[in-house]
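One structure below.
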Amino acid sequence: MYIYLIIRYVTLKTEEIEALEISSKNSNNLIRKRSQCLLLSNQGRTIIDLASIFDVDRRTIERWFDKWEKEGLNSLPIATGRGVKTRLKGLEEVLSKQLEIHSRNLKNVLLHLQVVRRGREQRKRSKTTSFFVWLP
């Protein structure tokens, strides 16, 4: 059985190198990682080397390269809509009011949010239980 490895590198223009060097100092860890990876690839590092350096799978490096070829610098940040969704959705107004009222004691804000959340959960449960009560 033969395994064929295609050695793939990213070749960068001087302006891209300059932009990536600036991005490699970014506070966002993912942007920094991806830009450093592209710079190292430009220096001749293989995908397998890069995967071990950045502790990711080689397919991840290949996806970073593919995105770079399609989108350039716009490929560095994570796409919108990705990541953990907020659990406070719909509570923005309540939260801002409570923060104004209890700006010095955040425990009161947390207690209020817990009460609001419990109330919502009880309403959801009562809707589903009342649905089942009416069934013959």
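Annotations for the structure displayed:
- For the chain, the convex hull spanned by the alpha carbon atoms encloses 244 Å³ per residue.
- Using 0.36 nm per residue and subtracting the Cα-Cα separation, the extra length available between LEU99 and ILE48 on full extension is 13.4 nm.
- Backbone HN-Hα couplings from phi across region 103-119 [Karplus 6.51/-1.76/1.60, Hz, Gly and Pro as x]: 5, 9, 9, 6, 4, 5, 5, 4, 4, 5, 5, 5, 5, 4, 5, 4, x
- Value at 222 nm in deg cm²/dmol, rounded to 500, when DSSP H runs of n ≥ 4 in the chain each add -39,500 (n - 2.57): -20000 deg cm²/dmol
- Gain upon complete extension [ARG59, GLU18; 0.36 nm per residue less C-alpha separation]: 12.2 nm
- Relative contact order computed over the chain (Cα-Cα under 8 Å; 6+ residues apart), in percent: 15
- Simple spin-label estimate for ARG87 and ARG8 in nanometres, 7 Å along Cα-Cβ: 3.9
- Difference of contour (0.36 nm per residue) and Cα-Cα distance, GLN122 to ASN28: 29.9 nm
Values quoted throughout were computed directly from the atomic coordinates according to the rules given, and no laboratory measurement underlies them. Everything numeric in this text was worked out from a predicted model, so none of it was measured. Note that each Cβ is placed from the backbone with ideal geometry, even for glycine, and that neighbours are counted across all protein chains shown.
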